[in-house]
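What follows is a short report on a single structure.
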Amino acid sequence: MPTAAASDGVKLYYEEVGAGTPVVFVHEFADDVRGWAPQVKFFARRYRTIAFNARGYPPSDVPQDPERYSQAQAASDIKAVLDHLGLAKAHVVGMSMGGYATLHFGLDHPERALSIVVAGAGYGSVAADRSTFHKDTDHVIAQFESGMTKVAEFYTRGPTRVQFIAKDPVGWKEFYDRFASGSALGHANTMRGVQRRRPSVFELEDKLVKCEVPTLIMTGDEDDPCLEPGIFMKRKMRAAGLVVIPNSGHAINLEEPDLFNRALLDFFTAVDAGRWPRRDPASQTGSSILPKSR
């Protein structure tokens, strides 16, 4: 079983297939490496694809101490996988929790990223929703004491998951089964150490405006908690593009795999060709119609 050692010795299970420019996939809280199957099948035809399970998600190690889980550690774990595989750089694609980790990886280790894709990230960032976010995460953490099945019953049917159920009930059931089979301890500690404590996207403004890594931000148009943070990142990051997938909730890589894959392929192709642009300052003059004064 292939594993990479994190900076603190935690073993991270990974899978790789294909050849060419490397692409690393970083999964969401409610899924694992298997949730990237639609992307791995597509991109392995053209790229060296790598997907790994975060700490707390077997067969990766499940540390018992919640202090060994953090947003900084999640970003560092991406670097550990690259280091283990001897990869100087890679395209890094993250979904939700993985999107947050990917964003921080790009901010903290820009020299290691060919590009970053930040999908479905930002839940809990809006100031007015911050207290509700903490209240909700505390509730979910407490429910893990009763096991994964109890949490899966409500977590996979939330307001940004019902779109997936309606579109693809078979795919949603596979997603449900993956989540229900996970580690209750690993998920509880991940929510304690990573989810609940992570900074708001809006608190990262100073770092975002300095980031030059080619970035693609993606969200579903019905993923309400992530829409405002997505637009904020687009406005602040000089090399960022924004894709909003219509009539879609949170799990856009599974809800709309064809649209998701095509957007990624176009993005990677532009980056690899040196054709992904920085935003022209002339597009931000403070006026809707007037150009910058000369």
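Laboratory data are not the source of any read-out in this text; all were calculated from the coordinates shown. Because the structure is predicted, anything quoted here is derived from the model rather than measured. Reconstructed Cβ throughout: ideal geometry from the backbone, glycine too, with neighbour counts over all protein chains shown.
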Helix hunt in the chain: which complete DSSP H runs extend at least 15 Å axially by C-alpha with mean Kyte-Doolittle at least 0.0?
-> 71-85, 97-108, 257-272
Pairwise centroid distance, computed over Cα atoms, of the stretch 97-113 with the stretch 1-74, Å | 14 Å
For each pair in LYS79/LYS207; LYS150/LYS234; LYS89/LYS210; LYS210/LYS292; LYS150/LYS173; LYS89/LYS207, compute the distance between the two Cα atoms and list the pairs where it is over 25 Å.
-> LYS150/LYS234
The farthest towards the positive end of the charge dipole of the stretch 95-219, of the residues SER125, VAL151, TRP172, given +1 on Cβ of Lys and Arg and -1 on Cβ of Asp and Glu, is VAL151
Give me the number: length gained by fully extending SER287 to GLU212, i.e. 0.36 nm times residue separation minus the C-alpha to C-alpha distance, one decimal in nm.
-> 24.5 nm
Net dipole in debye of the stretch 64-219 [+1 Lys, Arg Cβ; -1 Asp, Glu Cβ; about Cα centre; nearest 20] | 200 debye
DSSP loop (so not H, G, I, E, B), at most 12 other Cβ within 10 Å: list which trypsin sites (Lys or Arg not before Pro) in the stretch 1-105 pass both filters.
-> ARG45
Ranked from fewest to most other Cβ atoms within 10 Å of their own Cβ, VAL93, VAL10, VAL151 fall in the order VAL10, VAL151, VAL93
Rounded to 5, percent antiparallel among DSSP beta bridges of the chain = 20 percent
How large is the dipole of the stretch 138-198 about the Cα centre if only Lys and Arg carry +1 and Asp and Glu carry -1, each at its Cβ, rounded to the nearest 20 debye?
-> 240 debye
Could you tell me which of rounded, prolate or oblate describes the stretch 3-274, using a ≥ b ≥ c as the square roots of the eigenvalues of the alpha-carbon gyration tensor, with rounded for a/c under 1.5 and, failing that, prolate when a/b is larger than b/c and oblate otherwise?
-> rounded
Mind putting a number on the dipole of the chain about its Cα centre? Charges go on the C-beta only, +1 for Lys and Arg and -1 for Asp and Glu, and I need it in Debye to the nearest 20.
-> 820 debye
